[in-house]
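Undergrad: Would you mind keeping the following structure in view while I ask a few things?
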């Protein structure tokens, strides 16, 4: 059996990379819905519909027994519909991230950054409160982070200034732990820690590894790595050598 990973675009390649590194013999199929990116500005109904299309592509074309939703927005809305429809294991990025944050925080103050849709859904707030009702959660949408990553402006002064702009207020709230609520954001981890070295950073892609281990799935396969995109993506061409080991993409029709 194999793992299918999908995202609204190419940010989920951070999750693909992490899983690939931890399970080198696992068969992994990645789908980026680059024709309809971003999901972060869509309605919940549209996000669910798009997510179902992505799950269907993976299940019908490959021997998938587990789907990883590497999109925070889709994780906020589509986990249960996919489970119910396709009968496979489904792991999102929200719950693992929330669990890691609760373990990391020392002062019970946690920050969440993500797309506007992820922040609006309050999915992390709900997950954190369910784990620890008295936790204090502070959220900020960071819409400029995605283009900074996709244009590989990570090392620039622009990136440093935008990090400062978005996170200064969160830092002022006294948080000690920050959840990176978008799969693009781990590429900005160093910039964030330069400005705010006291933050405990939660990268959900790392938390997913423990979830996969708990499923006890067969991770000894052929080590297949295939990446599918629904449309051409300049961002993929920019990031593929950094996150995908140079694997070439194939066309997906949903």
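Undergrad: If a residue must be assigned to a helix (DSSP H, G or I) and either in contact with a strand residue (DSSP E or B) (Cβ under 7 Å, 6 or more places away or on another chain) or crowded, with 24+ Cβ neighbours inside 10 Å (or both), how many such residues does segment 1-43 contain?
TA: As a first pass, look at segment 1-43 and keep what is assigned to a helix (DSSP H, G or I): 13-22.
Restricting the remaining residues to those that are either in contact with a strand residue (DSSP E or B) (Cβ under 7 Å, 6 or more places away or on another chain) or crowded, with 24+ Cβ neighbours inside 10 Å (or both) gives 13-16, 19-20.
Count: 6.
Undergrad: Of all the strands (runs of 3 or more DSSP E) wholly in segment 45-141, which have at least 2 residues that are within 25 Å of residue 175 (Cα to Cα)?
TA: 109-114, 136-141
Undergrad: Residue under question is residue 194, and the condition is that it be assigned by TED's automatic domain parsing to the domain that holds residue 147 and over 27 Å from residue 34 (Cα atoms); does it hold? Steps first, please.
TA: Working: assigned by TED's automatic domain parsing to the domain that holds residue 147: yes; over 27 Å from residue 34 (Cα atoms): yes.
So residue 194 fits the description; yes.
Undergrad: From the list 100, 121, which residue is in contact with a helix residue (DSSP H, G or I) (Cβ under 7 Å, 6 or more places away or on another chain), over 22 Å from residue 189 (Cα atoms) and surrounded by 15 or more Cβ atoms within 10 Å (Cβ to Cβ)?
TA: 121
Undergrad: Select from segment 167-189 the residues that are in a helix (DSSP H, G or I) and in contact with a strand residue (DSSP E or B) (Cβ under 6 Å, 6 or more places away or on another chain) and write down the one among them that is farthest from residue 236 (Cα to Cα).
TA: Selected residue: 170.
Undergrad: If residue 60 satisfies every condition in (1) in contact with a strand residue (DSSP E or B) (Cβ under 7 Å, 6 or more places away or on another chain); (2) closer than 18 Å to residue 227 by Cβ but one, which is the exception?
TA: (1)
Undergrad: Hey, does segment 220-237 have a residue that's surrounded by fewer than 19 Cβ atoms within 10 Å (Cβ to Cβ), in contact with a strand residue (DSSP E or B) (Cβ under 8 Å, 6 or more places away or on another chain) and assigned to a helix (DSSP H, G or I)?
TA: No, every residue in segment 220-237 fails to be surrounded by fewer than 19 Cβ atoms within 10 Å (Cβ to Cβ), in contact with a strand residue (DSSP E or B) (Cβ under 8 Å, 6 or more places away or on another chain) and assigned to a helix (DSSP H, G or I).
Undergrad: From the list 201, 217, 192, exactly one residue is outside any helix (DSSP H, G or I), modelled with pLDDT of 95 or more and under 30 Å from residue 50 (Cβ atoms). Which is it?
TA: Selected residue: 201, the only one of 201, 217, 192 that is outside any helix (DSSP H, G or I), modelled with pLDDT of 95 or more and under 30 Å from residue 50 (Cβ atoms).
The values are calculated or read from the model by the stated rules, or taken from the named source; none is laboratory data. Everything quoted here is computed from the prediction, not taken from an experiment. Reconstructed Cβ throughout: ideal geometry from the backbone, glycine too, with neighbour counts over all protein chains shown.
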